[in-house]
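The values are calculated or read from the model by the stated rules, or taken from the named source; none is laboratory data. These figures come from a predicted structure and were not determined experimentally. Cβ placement follows ideal geometry from the backbone for every residue including glycine, while neighbour counts extend to all protein chains displayed. In case anyone asks, the SASA skips ligands and DNA or RNA and just uses the protein heavy atoms, side chains included. Shrake-Rupley method; radii C 1.70, N 1.55, O 1.52, S 1.80 Å.
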Amino acid sequence: MFSGAQISLYPMADDFVGVILGALGALDPWRDRLRIETDDISTLLVGPPEVLFPAMRDLFVAAAGSGKHCVLSAAVSRGCPGEPDDPICRSHEIGGPAIPLEERKLAALRAVQATPSTNQPTAAQFSLYVMGTGDHMDEIYGCIDFLKQSGVYERSKHFCTKLRGDAGAVFATLAEAFCRFGPSAGHVTLDITVSANSPSAV
């Protein structure tokens, strides 16, 4: 099943190019398990979710470590029927409705609780879209219930949910929302905005 993310990194700094280039080395440990394509708008990361989310986390944390206000915007997708399968995307992390919803919520919570800290305070908002299933709201409500117990839930907003906490736990929560909810072989997407060092949060 094809899975990937279109990501854009926005450092709010005069030296935004330097911040971005300085952060790119954080992707090095993941490069052999990702296909990476960059153009003038975004960077495509293609690979399994257990690589995609740590790679995005590490890139973001490296950029935010500059102390500058940094935002990462990402459209993450799995199982899109319009995309070809790709062997690099093979994953054992996706568990859909064949596993009961309550079991998936508990597994997601355990995964977030086991995530090491990055010491990078982070805020995020995201929306989960479960495509092509009649019970998609059951999956979304199940995800919301998980989020409220995740330790990084801040509040619901119109069209999205806001998270706040260590970047490690925030990205782990996003990964669990992506992998555990929705059909295991179906089309699921996340629309994500992650922010650190924002002057408006002070």
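Key figures
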item: 17 Å Cα-Cα reach of LYS162 towards lysines, excluding residues that sit fewer than 8 places from it in its own chain; result: LYS148
item: Mean-position separation - Cα centroids, segment 129-187 and segment 1-51, in angstrom; result: 22 Å
item: Magnitude of the charge dipole, the chain, Cβ model with Lys/Arg +1 and Asp/Glu -1, debye to 20; result: 500 debye
item: The chain, accessible surface, carbon-and-sulfur percent (1.4 angstrom probe); result: 55 percent
item: Cα extents of segment 26-132 along the three principal axes, largest first (Å); result: 43, 33, 26
item: In segment 79-161, chymotrypsin sites (Phe, Trp or Tyr not before Pro) in a DSSP loop with at most 14 other beta-carbon atoms within 10 Å; result: PHE159
item: For the chain, radius of gyration divided by Kirkwood radius, i.e. Rg to Rh on alpha-carbons; result: 0.95
item: 1.4 Å probe accessible area per residue over the chain, in Å²; result: 48 Å²
item: Length added when fully stretched, GLU103-GLN149, from 0.36 nm per residue minus Cα-Cα; result: 15.2 nm
item: Equivalent ellipsoid semi-axes - Cα gyration tensor, segment 19-79, angstrom; result: 19, 13, 11
